[in-house]
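What follows is a set of notes on a single structure, which appears directly below.
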């Protein structure tokens, strides 16, 4: 009995596995279900059929959603639950059972469920930020790569440097990593030219690719409506 207790002590692989299973199950049960809301309809369509998402394209999210369809219609919910649970494990695993309780309490918050567990970019972005915050020696190429990946999820990824150790960052390795991570955006024209079903902005040409990534279409629509009496 003592050996079994020792096997699941705080910080052990068994405890981390239990932490992950409990949080993943909670995230799946508490997450979005039924009729998709907000961008959930787009997310489940991209998961099922593949393609590019609304500006700026969010290629990493689109690719992971497509992979999540291996779990069928539950795929987007499973992806959101895994992103949320892994994020909370990274942030609270050092606190043992108390950390697990805190993570469960946070996961049950309405605001957390509505944003992080939604079928959207925020859960994956939260995971990438959690990796940065939990990593004590993240520097150079990996830090730039993580920033590039976050930009491939959502424009808010531009804030990633705030979570990184500036004193240990070196410009050239960081820039190389940034380019490498952000290169996922090259998947947009590739998928568009391959005839993907969901093809926001048709970014197969350079002009349309730039318009998609820069969200120029949004600026044209909302900019034109500013000051309009209608």
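The values are calculated or read from the model by the stated rules, or taken from the named source; none is laboratory data. In this text, all values refer to a predicted model and were calculated from it rather than measured experimentally. Here Cβ is always computed from backbone atoms with ideal geometry, including for glycine, and neighbour counts include all displayed protein chains.
A few remarks follow.
- Every test in (1) more than 21 Å from the chain's Cα centre (by Cα); (2) touching a residue at least 60 places away in the same chain (Cβ under 8 Å); (3) surrounded by fewer than 16 Cβ atoms within 10 Å (Cβ to Cβ) is passed by residue 214 save one, and that test is (1).
- Set side by side, the residues 148, 96 differ, and just one is within 26 Å of residue 53 (Cβ to Cβ) and either within 11 Å of the chain's Cα centre (by Cα) or part of a helix (DSSP H, G or I) (or both), which is 148.
Every residue, every condition in (1) over 29 Å from residue 177 (Cα atoms); (2) not in a helix (DSSP H, G or I), yes or no:
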| residue | (1), (2) |
| --- | --- |
| 56 | no, yes |
| 66 | no, no |
| 72 | yes, no |
| 91 | no, no |
| 111 | yes, no |
| 120 | no, yes |
| 138 | no, yes |
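- Residue 160 being free of Cβ contacts under 8 Å to residues at least 40 places away in the same chain and buried (at least 17 other Cβ atoms within 10 Å of the Cβ): yes
- Filter result for residue 181 (more than 18 Å from residue 90 (Cβ to Cβ), modelled with pLDDT under 90 and either in contact with a helix residue (DSSP H, G or I) (Cβ under 7 Å, 6 or more places away or on another chain) or assigned to a loop (DSSP other than H, G, I, E, B) (or both)): no
- Matching residues, the stretch 153-177, being at pLDDT below 80 and assigned to a helix (DSSP H, G or I): 166, 167, 168
- Candidates are the residues of the stretch 1-51 that are modelled with pLDDT of 90 or more and outside any helix (DSSP H, G or I); the one that is surrounded by the fewest Cβ atoms within 10 Å (Cβ to Cβ) is 50.
- Within the stretch 26-47, being free of Cβ contacts under 8 Å to residues at least 24 places away in the same chain and over 18 Å from the mean Cα position of the chain (by Cα) holds for 29, 34, 35.
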